[in-house]
Amino acid sequence: MIDALFLSLGQLSDRRIISLLLKVFLISLMLLVFFGVGAYFLLVWLISFSGLDNDGFAAAAAAAIITALTAIFLFRVIAIFVLNIFSDDIVDAVEARHYPARAELAKPPGYILGVKMGLASVGRAIGYNLLAMPVYIVLLVTGVGAPMAFFAINAILIGRDLQDMVAARHVDDLAQAGDDWRLDKLTRFGLGLTIALLLAVPIVNFLAPIVGAAMATHLVHKARENSPVESK
């Protein structure tokens, strides 16, 4: 895990990685702005319809708060969705540098599959976190229980998403992917938790998705190298 992290950080200076980082950053930022503007006009309409605010100040304030909360709590969802679209480019850059034999055998999944994977990731993230909401609420009284539960659940989801980004280049059907393309549960959780924590750190969170995809690439290929199936 530590080796994968340092290898991934070491490749952030790669021109392809920098280009992808800018794409993920700009598109994620645009989606957040789009959400904020949409929330503003919706709230202006709702508040003006109710007759409670005529100058739009309340709507603007509410939209700003909602956008800020979205940036904090939903940035992970948006970033992973965008990352799925460009994940093949990131994984390809890492494979080309560290696993050239694998890169030659890879079959790029394309942007359409990336969008499908991204939407599936968004659905899982929203669904599982909504299901866990009663647990979060109950654990609020503990002070630290709710954040711990949030990070644990999202670590599982992020770990799976990142693992699948790598496997998608090498298998025709992710649902039929063998164990040799899957990380063990502990490694997958560790990967997901690392990225979930990085996503919670301002500024660093823009690097986290790229680092996560690169780490997943190293971990999956290292696991394959050490698997009994691969060694035969």
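The values are calculated or read from the model by the stated rules, or taken from the named source; none is laboratory data. Just so it is clear, the model here is predicted, and its values are computed rather than measured. All Cβ positions, glycine included, derive from the backbone under ideal geometry; neighbour counts span all protein chains shown. When the accessible area is computed, the model is the full protein with side chains, heavy atoms only, and any ligands, DNA or RNA have been set aside. Shrake-Rupley method; radii C 1.70, N 1.55, O 1.52, S 1.80 Å.
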Report task. State the number of residues belonging to region 184-221 that are in a helix (DSSP H, G or I), open to solvent by 30 Å² or more (accessible area, probe 1.4 Å), of a type in the set (Val, Ile, Thr) and farther than 14 Å from Ile2 by Cα. Result -> 1
Query raised in the report: Residues of region 152-172 being more than 15 Å from Asp92 (Cβ to Cβ), modelled with pLDDT under 90 and touching a helix residue (DSSP H, G or I) at 6+ places or on another chain (Cβ under 9 Å), which ones?
Result: Val171
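Condition test on Asp88, is it modelled with pLDDT of 70 or more and among the charged types (D, E, K, R)?
yes
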Report task. Taking only region 103-151 into account, find how many residues are open to solvent by less than 80 Å² (accessible area, probe 1.4 Å) and not in a helix (DSSP H, G or I). Result -> 4
Query raised in the report: Got a sec? Which helices (runs of 4 or more DSSP H) wholly within region 1-83 have at least 2 residues that are modelled with pLDDT of 70 or more and surrounded by 13 or more Cβ atoms within 10 Å (Cβ to Cβ)?
Result: 2-10, 15-50
Requested in this report: Considering every residue within region 161-172, establish whether at least one is out of contact with any Cys (no Cβ under 6 Å at 6 or more places or on another chain), under 24 Å from Ala106 (Cα atoms) and surrounded by fewer than 18 Cβ atoms within 10 Å (Cβ to Cβ).
Outcome: yes
Query - Criterion violated by Val204 - all others in (1) over 17 Å from Met215 (Cα atoms); (2) free of Cβ contacts under 8 Å to residues at least 24 places away in the same chain satisfied - result: (1)
